[in-house]
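Visitor: This is the structure I want to talk about, given as structure tokens.
Rule-based calculations on the coordinates, nothing more; no lab input. Computed from a predicted structure; not experimentally measured. Here the Cβ positions follow ideal geometry from the backbone for every residue, glycine too, while neighbour counts run over all protein chains shown.
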Amino acid sequence: MASNEPLDLDEVYAFASQLGKDAGKILDDGWRRRAQGGGQAEHVEKESAVDIVTQTDEDVEAFVKTKISKRFPSHHFIGEETYSKGSSKDYLIGDEPTWCVDPLDGTVNYIHIFPMFCVSIAFILNGEPVIGIINTPFMNHTFSACRGRGAWLNETQQLPLVRNPIPPLPETAPKGCVFACEWGKDRRDLADGNLQRKVESFVNMAAEIGGRDGKGGMVHGVRSLGSATLDLAYCAMGAVDIWWEGGCWEWDVAAGICLLKEAGGLVTTANPPEDPATARIDDAKLGGRLYLAIRPAGDSTRETGRQSQERTVREVWRRVRHLDYARPGA
């Protein structure tokens, strides 16, 4: 497709959907070979013992990039592994048609054959993800979304799963919610560092109502899947009510953000403002590295679904700490 030709989003969506399945098969074949031969996947550390890459990461990204370059040679491509080899991470996706790919989100899960790993493919226009494909081969699930066409599981089940009607959020949220979070790659044990701030926030969300100086959220459960992409997918599904995280790069979230928004969810910044009760709730900026996601919500007799989402955002903000994940050079 030449750069001056009109873009057929249906064509791109169909191509991306098949590409996600083909890339997912590479992941599937990889763990199955290991299961037959024994041992763990060979891997190397990047920035820490939990920031790792396998040959499978490299192979899947090369496969996806080659397929995209042949079909859409004028499109820009950003992938985690090629990008990680650069000297800077100050890139922000611009307005040009861009593919943003995480070839293996959940690499730690993959090397341990814990099922929560996936390939994530997003297509971005004017800085906004308009197509998102997430393939989880172990679970035999493909999540897909395209702007204006909704979000889907295995192309047949529209998300969220419960739709008639979509359940409202609990009036006492975060009480009664499932809260997803990740430990992240920054494991430095610094006084008041990101790790300690996360732990304090996790405990606040889990503690009994009235505990933690009034910050106890009494969520139903705390989940850590080891994949930001799948956190967002399960939020779109309605299985997770709230996801809060800092430190993500574009490839970690682009496809999931498209999926969640098409399902009717909300994505804003993780960091609490000075006054959570009155602060404006804006959409999270792709590349901002800080995300708070709320599942799709239906109306209740007291408020609209959007009002309940914003109410839940403010209640989460009251209980979490400010995280420091600025982009290098910012």
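Visitor: Report, in deg cm²/dmol and to the nearest 500, the calculated mean residue ellipticity at 222 nm for the chain, where each DSSP H run with n ≥ 4 adds -39500 (n - 2.57) and the sum is divided by the residue count. Please list the in-between numbers first.
Guide: Details: 9 runs with 110 residues, N = 330.
Calculated mean residue ellipticity at 222 nm is -10500 deg cm²/dmol.
Visitor: Helix 55-71 versus the longest principal axis of the chain: what angle, 0 to 90°, nearest 10, using Cα atoms?
Guide: 70 degrees
Visitor: Shifting gears a bit: How would you order 267-275, 132-140 from highest to lowest mean count of nearby Cβ atoms within 10 Å?
Guide: Values: 267-275: 17.8, 132-140: 22.7.
Result, highest mean first: 132-140, 267-275.
Visitor: Once the dipole of the chain is set up with Lys and Arg at +1 and Asp and Glu at -1 on Cβ about the Cα centre, which of Leu125, Ala239, Pro103 lies farthest towards its positive end?
Guide: Ala239
Visitor: Order by neighbour count: Val253, Val316, Val199, fewest other Cβ atoms within 10 Å first, most last.
Guide: Ascending Cβ contact count within 10 Å gives the list Val199, Val316, Val253.
Visitor: Return the subset of Lys175/Lys261; Lys25/Lys198; Lys215/Lys285 for which the Cα-Cα distance in this structure is over 25 Å, preserving the input order. Walk me through the numbers on the way to the answer.
Guide: Values: Lys175/Lys261 23 Å; Lys25/Lys198 35 Å; Lys215/Lys285 27 Å.
Correct reply: Lys25/Lys198; Lys215/Lys285.
Visitor: To continue, here is another question. Mind jotting down the distance between the C-alpha centroids of segment 273-330 and segment 123-144, whole Å?
Guide: Cα centres, segment 123-144 to segment 273-330: 22 Å.
Visitor: If you don't mind, there's one more thing I want to ask. Taking 7 Å along the Cα-to-C-beta vector as the label spot, tell me the Ala239-Arg327 distance in nanometres, rounded to one decimal.
Guide: Placing both labels 7 Å beyond Cα along the Cβ direction yields 3.2 nm.
Visitor: Still on this model: Pairing the Cα long axis of helix 194-206 with the longest principal axis of the chain, what angle in degrees results, from 0 to 90 and rounded to the nearest 10?
Guide: Orientation of helix 194-206: about 60 degrees from the principal axis.
Visitor: May I ask for the angle, rounded to the nearest 10°, between helix 228-237 and the longest principal axis of the chain, with both axes built from Cα atoms and the value confined to 0 to 90°?
Guide: 70 degrees
Visitor: Could you give the length gained on full extension between Asp283 and Lys70, defined as 0.36 nm per residue of separation minus the Cα-Cα distance, in nm?
Guide: Details: separation 213, 0.36 × 213 = 76.68 nm, distance 3.35 nm.
Extra length available between Asp283 and Lys70 comes to 73.3 nm.
Visitor: Quick one: putting +1 on the C-beta of Lys and Arg, -1 on the C-beta of Asp and Glu, what dipole do you get for segment 187-330 around its Cα centre, in Debye to the nearest 20?
Guide: On the way: 20 positive and 20 negative charges, 26 e Å.
In debye, rounded to 20, segment 187-330 gives about 120.
Visitor: Kindly state, to the nearest 0.05, the FRET efficiency for Leu161 paired with Val222, given R0 = 25 Å and r defined as their beta-carbon distance.
Guide: Values: r = 21 Å, r/R0 = 0.85.
Result of the calculation: an efficiency of 0.75.
Visitor: Based on the mean of other beta carbon atoms within 10 Å per residue, what is the order of 165-178, 235-248, most packed first? Before the final figure, lay out the partial values.
Guide: Values: 165-178: 17.9, 235-248: 25.0.
Per-residue Cβ counts within 10 Å, averaged per peptide and sorted highest first, yield 235-248, 165-178.
Visitor: Starting from the 7 Å offset along Cα-to-Cβ, what nm value, one decimal, do you get for the label separation of Lys175 and Asp189?
Guide: Roughly 3.6 nm, to one decimal.
Visitor: Round to the nearest 0.05 the FRET efficiency obtained for Glu58 and Leu9 when R0 = 25 Å and r is the Cβ-Cβ distance.
Guide: Between Glu58 and Leu9 the formula returns 0.25.
Visitor: Using DSSP to define loop residues, name the GluC sites (Glu not before Pro) in segment 65-169 whose beta-carbon has at most 13 other beta-carbon atoms within 10 Å.
Guide: Here the GluC sites (Glu not before Pro) that fit, given the DSSP loop and packing criteria, are Glu155.
Visitor: Compute the separation of the alpha-carbon centres of segment 236-252 and segment 156-201 and state it in Å as a whole number.
Guide: With segment 236-252 and segment 156-201 each reduced to a Cα centre, they are spaced 8 Å.
Visitor: Something else: Please report the base-10 log of the normalised intensity I(q)/I(0) for the chain, using a Debye sum with one equal scatterer per alpha carbon and no solvent, at each q in 0.06, 0.07, 0.13, 0.14 (1/Å).
Guide: Scattering profile of the chain, log10 relative to I(0): -0.20, -0.27, -0.96, -1.11.
Visitor: Next question, about the same structure. If packing is taken as the average number of other Cβ atoms within 10 Å across a peptide's residues, how do 280-293, 100-113 rank, most packed first? Show your work: numbers first, answer last.
Guide: On the way: 280-293: 19.0, 100-113: 23.9.
Put in order of decreasing packing, that is 100-113, 280-293.
Visitor: If r is the Cβ-Cβ distance from Glu274 to Arg212 and R0 is 22 Å, what FRET efficiency results, to the nearest 0.05? Numbers along the way, then the final one.
Guide: Working: r = 20 Å, r/R0 = 0.92.
With R0 = 22 Å, the Cβ-Cβ based efficiency is 0.60.
Visitor: Calculate, in nm to one decimal, what Glu96 and Arg149 gain on full extension: separation in residues at 0.36 nm each, minus their alpha carbon distance. The partial results should precede the final answer.
Guide: Numbers: separation 53, 0.36 × 53 = 19.08 nm, distance 2.18 nm.
The Glu96-Arg149 span can extend by a further 16.9 nm.
Visitor: So who's got an amide H within less than 5 Å of the one on Arg223, skipping anything under 5 residues away but keeping other chains? H placed 1.01 Å off N, in plane.
Guide: Counting only residues 5 or more places away or on other chains, the set is Phe179, Ala180, Cys181.
Visitor: Same structure again: Using the Cα centre as the reference, give the magnitude of the dipole from point charges on the C-beta atoms of the chain (Lys, Arg: +1; Asp, Glu: -1; all else neutral), rounded to the nearest 20 debye.
Guide: Working: 37 positive and 47 negative charges, 128 e Å.
Using Cβ point charges on Lys, Arg, Asp and Glu, the chain gives about 620 debye.
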